[in-house]
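*Asks:* Structure provided below as structure tokens; questions to follow.
The values are calculated or read from the model by the stated rules, or taken from the named source; none is laboratory data. Because the structure is predicted, anything quoted here is derived from the model rather than measured. Positions of Cβ are backbone-derived with ideal geometry, glycine not excepted, and every protein chain shown enters the neighbour counts.
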Amino acid sequence: MRMAAGVFGCVFAAVCAAGPEPGALAARQELLAAARLTPNAEHGAQLFETCAACHGSDGRGTSDGSVPAIAAQHDSVLLKQLVDFRHDQRWDERMQHFTDQHHLATTQELADVAAYASSLPRSPMPLDNVGDGSSLREGASVYFRVCDACHGPLGEGDALHLRPRLAGQRYAYLLRQLTETAAGGRPGMDAAHVKRLRDLTPAQIRGVADYLSRTSPDLASRPHTKL
């Protein structure tokens, strides 16, 4: 089934807001095209065999946090990241390689593999993939003050507004992404997002990452609905 009409509308707004840089515009246009498609998760499962080499067949990433868990991520969020890597709006040598048109030949294939990854269950992380607890209480407090309005109190994210599910993500990956964003090194983040994180101390960032890594991920990704 296609993306919900609300998601389609948010994607259309993102296309209209895209800057003049050709890569950014191409990424937004492909995202809009993907939102119009009906994904085939069965075909996506075949395509995911390539992704599994790094993300694991269960989509849970690597224990050192160098590769994130993508199981149960909102399909709209996964699509956004795929097109951004494909059009050089995010940078990672492996992801840029495997999202090119030699591996995912069409926009339909992007939609298919995103739908399959989104359908995978995400179970809670083992204790060796969460923080040490030293800043957990402060991190939870900071999260509810700074982050939950967009990402939800349980880190469930928002498929409609392309906000990622952060619950049950690996601590090391969360810490790296939060730290890079605070330093202005994470592409695709708006200035307000960067400022929120830049205003936090390193201990608070560690605490936020710890809180999210321990939060239950048992919130199913919203299903597609026809336009």
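*Asks:* Run down A159, A191 and say which single residue is touching a Lys or Arg at 6+ places or on another chain (Cβ under 6 Å), of a type in the set (A, V, I, L, M) and more than 23 Å from S63 (Cα to Cα).
*Replies:* So the residue among A159, A191 that is touching a Lys or Arg at 6+ places or on another chain (Cβ under 6 Å), of a type in the set (A, V, I, L, M) and more than 23 Å from S63 (Cα to Cα) is A159.
*Asks:* I'm trying to understand the selection: among the residues of the range 57-87, which are without any contact (Cβ under 8 Å) to a residue 60 or more places away in the chain, assigned to a loop (DSSP other than H, G, I, E, B) and within 24 Å of R28 (Cα to Cα)?
*Replies:* I70, A71
*Asks:* Where residues in the range 117-128 are surrounded by fewer than 23 Cβ atoms within 10 Å (Cβ to Cβ) and in a helix (DSSP H, G or I), which of them is modelled with the highest pLDDT?
*Replies:* S119
*Asks:* Within the range 139-156, count every residue that is touching a residue at least 24 places away in the same chain (Cβ under 8 Å) and either under 15 Å from S213 (Cβ atoms) or assigned by TED's automatic domain parsing to the domain that holds K80 (or both).
*Replies:* Residues flagged as touching a residue at least 24 places away in the same chain (Cβ under 8 Å) and either under 15 Å from S213 (Cβ atoms) or assigned by TED's automatic domain parsing to the domain that holds K80 (or both) within the range 139-156 amount to 8.
*Asks:* Give me the pairs, please: first residue somewhere in the range 120-134 and in contact (Cβ under 8 Å) with a residue 40 or more places away in the chain, second residue anywhere and outside any loop (DSSP other than H, G, I, E, B) and hydroxyl-bearing (S, T, Y), beta-carbon distance under 7 Å, and either six or more positions apart or on two chains.
*Replies:* Sorted first by the residue in the range 120-134, then by its partner, the pairs are M125/S213; N129/Y171; N129/S213; V130/Y171; V130/S213; G131/Y171; G131/S213.
*Asks:* Can you spot a residue in the range 174-193 that is under 13 Å from the mean Cα position of the chain (by Cα), within 15 Å of A71 (Cβ to Cβ), modelled with pLDDT of 95 or more and outside any loop (DSSP other than H, G, I, E, B)?
*Replies:* Within the range 174-193, none of the residues are under 13 Å from the mean Cα position of the chain (by Cα), within 15 Å of A71 (Cβ to Cβ), modelled with pLDDT of 95 or more and outside any loop (DSSP other than H, G, I, E, B).
*Asks:* Moving on. From (1) assigned by TED's automatic domain parsing to the domain that holds A172; (2) assigned to a helix (DSSP H, G or I); (3) more than 16 Å from R165 (Cβ to Cβ), pick out the condition that doesn't hold for R94.
*Replies:* Against the list (1) assigned by TED's automatic domain parsing to the domain that holds A172; (2) assigned to a helix (DSSP H, G or I); (3) more than 16 Å from R165 (Cβ to Cβ), R94 comes up short only on (1).
*Asks:* Here's something else I'd like to know. Can you name every residue in the range 93-118 that is under 19 Å from V67 (Cβ atoms) and of a type in the set (G, A, S)?
*Replies:* Result: A114, A117, S118.
*Asks:* For the range 95-116, give me each residue that is under 24 Å from R170 (Cα atoms) and at pLDDT below 95.
*Replies:* Hits for the range 95-116 are M95, Q96, H97, F98, T99.
*Asks:* Would a scan of the range 201-208 turn up a residue that is charged (D, E, K, R), in contact with a Ser or Thr (Cβ under 6 Å, 6 or more places away or on another chain) and touching a residue at least 12 places away in the same chain (Cβ under 8 Å)?
*Replies:* Yes, that holds for at least one residue.
*Asks:* Here's something else I'd like to know. With respect to the numbered conditions (1) part of a loop (DSSP other than H, G, I, E, B); (2) farther than 19 Å from A159 by Cβ; (3) among the small types (G, A, S); (4) in contact (Cβ under 8 Å) with a residue 40 or more places away in the chain, which one is the sole condition not fulfilled by A24?
*Replies:* Checking A24 against (1) part of a loop (DSSP other than H, G, I, E, B); (2) farther than 19 Å from A159 by Cβ; (3) among the small types (G, A, S); (4) in contact (Cβ under 8 Å) with a residue 40 or more places away in the chain, the one that fails is (1).
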